[in-house]
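The values are calculated or read from the model by the stated rules, or taken from the named source; none is laboratory data. Source: prediction; values computed, not measured. When we count neighbours, we look across all protein chains shown, and the Cβ atoms used for this are built from the backbone with ideal geometry, even at glycine.
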Amino acid sequence: MIKVLHFSDIHLGSGFSHGKVNPQTGLNSRLEDFVNCLSLCIDRAINEPVDLVLFGGDAFPDATPPPYIQEAFAAQFRRLADADIPTILLVGNHDQHSQGNGGASLCIYRTLAVPGFIVGDNLITHKIATKNGDIQVITLPWLTRSSLLTKSKTEGLSLDEINQLLIKALEPVLEEEIRKLDPDIPTILLGHLMVSRARFGAEQFLAVGRGFTIPISLLIRSEFDYVALGHVHKHQNLNPNNDPPVIYPGSIERVDFSEEKEEKGYVLLTLKKEKLIGIFPPYLLALF
């Protein structure tokens, strides 16, 4: 069986206006809260131990976080590399520049060739050899209109019309990846998306870059054993029939008071080699 830990939307460096400076460390207390939550996620991955970690995007509030915040993020994720746990870092909308050109805040991990780390900034399938068997993961990062369509094709169109064009452009690319899948090993789609049926969280007020809404019919496919999502901060399963489960784990910490009453955490699941979900439903593990 393959154990997977799925979490998303760290937003490390957010919420400073709600904190105060810790006189002992010189750091904003909210940064320390976020780092503590991230540390608890990494602790669980290592102590379990899991075979694969999936991060669903939005590491920071924007693509150019200050160096000390990047360092805090890297210090936690290095623990996964040291523990020899394969990890996929998916590029979300906050990880890109506002024009949607690249995932600058995460691509450094590919440049540095961090062992076992994959940066998901393209729609592509990754075959990963874990300690308990192979698994394949399709990465679907945050997509903007500029990544799929030229400006001339969208000029003069309404947002709804552009949304339909974007979906039509995405469908054949996704289908091509699905056709390449090995049917004999488990498959996960990891996407940073706004999906129909999703209930909003605070992300609607924090949006960076214009995206579009994906119909859930694109994700409910027999070829997928699990659909791991990021972007929406409220934990939810968009497909209660679980064929496959389509899960937003939510953000790992409350980014503002609109999330005050929401439980925060991560999802832990087990995939059997026979492509069956071993432990389901995945459960949200409260961090407090």
| message | Just the residues that are surrounded by fewer than 17 Cβ atoms within 10 Å (Cβ to Cβ) and not in a loop (DSSP other than H, G, I, E, B), please, taken from the stretch 56-71. | response | 67, 68, 71
| query | Residues in the stretch 30-48: is at least one closer than 22 Å to residue 236 by Cβ, modelled with pLDDT of 95 or more, in contact with a His (Cβ under 8 Å, 6 or more places away or on another chain) and not polar (S, T, N, Q)? | reply | no
| said: Criterion first (modelled with pLDDT of 70 or more, of a type in the set (D, E, K, R) and either over 27 Å from residue 162 (Cβ atoms) or surrounded by 15 or more Cβ atoms within 10 Å (Cβ to Cβ) (or both)) does residue 262 satisfy it? | reply: yes
| note | Of 53, 35, the only residue that is touching a Leu at 6+ places or on another chain (Cβ under 9 Å), surrounded by 15 or more Cβ atoms within 10 Å (Cβ to Cβ), over 30 Å from residue 129 (Cβ atoms) and not small (Gly, Ala, Ser) is 35
| query | Which of the residues belonging to the stretch 233-248 are buried (at least 21 other Cβ atoms within 10 Å of the Cβ), under 21 Å from residue 123 (Cβ atoms) and in contact (Cβ under 8 Å) with a residue 40 or more places away in the chain? | reply | 246, 247, 248
| field | Top-ranked residue in the stretch 203-222 [being part of a helix (DSSP H, G or I) and farther than 14 Å from residue 175 by Cβ; ranked as modelled with the highest pLDDT] | value | 216
| task | Spot the failing condition for residue 43; the list is (1) in a helix (DSSP H, G or I); (2) surrounded by fewer than 21 Cβ atoms within 10 Å (Cβ to Cβ); (3) touching a residue at least 60 places away in the same chain (Cβ under 8 Å), and only one is missed. | result | (3)
| request: Please note which helices (runs of 4 or more DSSP H) are completely contained in the stretch 92-161 and include at least 2 residues that are modelled with pLDDT of 90 or more, under 14 Å from the mean Cα position of the chain (by Cα) and surrounded by fewer than 20 Cβ atoms within 10 Å (Cβ to Cβ). | output: none
